1. Which condition breaks for Ile126 when tested against (1) β-branched (Val, Ile, Thr); (2) touching a residue at least 24 places away in the same chain (Cβ under 8 Å); (3) out of contact with any strand residue (DSSP E or B) (no Cβ under 7 Å at 6 or more places or on another chain)?
2. For segment 42-68, how many residues meet the condition of being within 9 Å of the chain's Cα centre (by Cα), of a type in the set (A, V, I, L, M) and outside any strand (DSSP E or B)?
3. Among the residues of segment 19-26, are any under 19 Å from the mean Cα position of the chain (by Cα), over 24 Å from Lys135 (Cβ atoms) and not small (Gly, Ala, Ser)?
4. If you go through segment 106-120 one residue at a time, do you hit one that is more than 17 Å from Leu64 (Cα to Cα), of a type in the set (S, T, N, Q) and modelled with pLDDT of 90 or more?
5. In segment 1-30, what residues are assigned to a loop (DSSP other than H, G, I, E, B), of a type in the set (A, V, I, L, M) and surrounded by 17 or more Cβ atoms within 10 Å (Cβ to Cβ)?
6. Any idea which residue in segment 106-125 is nearest to Lys46 (Cα to Cα), counting only those that are surrounded by fewer than 18 Cβ atoms within 10 Å (Cβ to Cβ) and among the aliphatic types (A, V, I, L, M)?
7. Please work out if Val125 is of a type in the set (Val, Ile, Thr), closer than 30 Å to Asp15 by Cβ, at pLDDT 95 or above and out of contact with any Phe, Trp or Tyr (no Cβ under 7 Å at 6 or more places or on another chain).
8. May I ask you to verify whether Val32 is within 16 Å of the chain's Cα centre (by Cα) and at negative phi?
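The values are calculated or read from the model by the stated rules, or taken from the named source; none is laboratory data. Just so it is clear, the structure is predicted and the values come from calculations on it, not from any experiment. We place every Cβ from the backbone using ideal geometry, glycine too, and count neighbours over all the protein chains shown.
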Amino acid sequence: MKVQTSRFGEIEVDDADIITLPEGLIGFPELVRYVLLDHDTDSPFKWLQSIDDGAMAFVVITPLTFRPDYTVEVTEEEIAVLKLENAEDAVISVIVTIPMDPKKMSANLKAPLVFNLKNRTGKQVIVKDAQYQTKHFIMEEIKKYAKKDVQADIRKTAQANVSEKPDSNAGNS
């Protein structure tokens, strides 16, 4: 099928690549058919392009890229809508907002998208965990987790050095 988009011009979409979100997205319940397009070959970002309205496309990213501790609890009802049989079939993405200053791009961790890639179905869910908000600044999150990684590496190195040193009191009787 050919789809005219405002961002990518005319694109050819294979029916097998269409992802259906039966309830649409928050604010866009009428847009239920999408396709995921690569932003760039080396980019962690993708485009969730609406098939129903070629002018609508959302930038998405896997949240683990910048927030390695991110978790989503999916309810039994949501599992039923997605027809998820295995957790491995679920893929989580979040919608990204990119303002004029890209350093201030943010991701909505409160309302992630859960996709069942096995049957090409998706659903936007609301996470009840209070630590997640609709606006998490991606660059700040990357810096925060990089700092934690560096601190963890320093602790590991320090512990390794302490355990490798001979006991300085040994032999002093």
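1. Failed condition: (2).
2. 1
3. Step one: filter segment 19-26 for residues under 19 Å from the mean Cα position of the chain (by Cα), giving 19-21, 24-26.
Add one more test, that the residue is over 24 Å from Lys135 (Cβ atoms), and what stays is 19-20.
Okay, now just the ones that are also not small (Gly, Ala, Ser), so 19-20.
Yes: segment 19-26 contains one or more residues that are under 19 Å from the mean Cα position of the chain (by Cα), over 24 Å from Lys135 (Cβ atoms) and not small (Gly, Ala, Ser).
4. Of the residues in segment 106-120, the ones more than 17 Å from Leu64 (Cα to Cα) are 116-120.
Right, trim to of a type in the set (S, T, N, Q) and you get 116, 119.
Restricting the remaining residues to those that are modelled with pLDDT of 90 or more gives 116, 119.
Yes, that holds for at least one residue.
5. Within segment 1-30, the first condition is being assigned to a loop (DSSP other than H, G, I, E, B), and the residues that meet it are 1, 6-8, 13-14, 18, 21-24, 26-27, 29-30.
If we keep only those that are of a type in the set (A, V, I, L, M) as well, we get 1, 13, 18, 21, 26.
Matches in segment 1-30: Val13, Leu21.
6. Leu117
7. Working: of a type in the set (Val, Ile, Thr): yes; closer than 30 Å to Asp15 by Cβ: yes; at pLDDT 95 or above: yes; out of contact with any Phe, Trp or Tyr (no Cβ under 7 Å at 6 or more places or on another chain): yes.
Judged against the criteria, Val125 is a match.
8. Numbers: within 16 Å of the chain's Cα centre (by Cα): no; at negative phi: yes.
When the stated conditions are applied, Val32 does not pass them.
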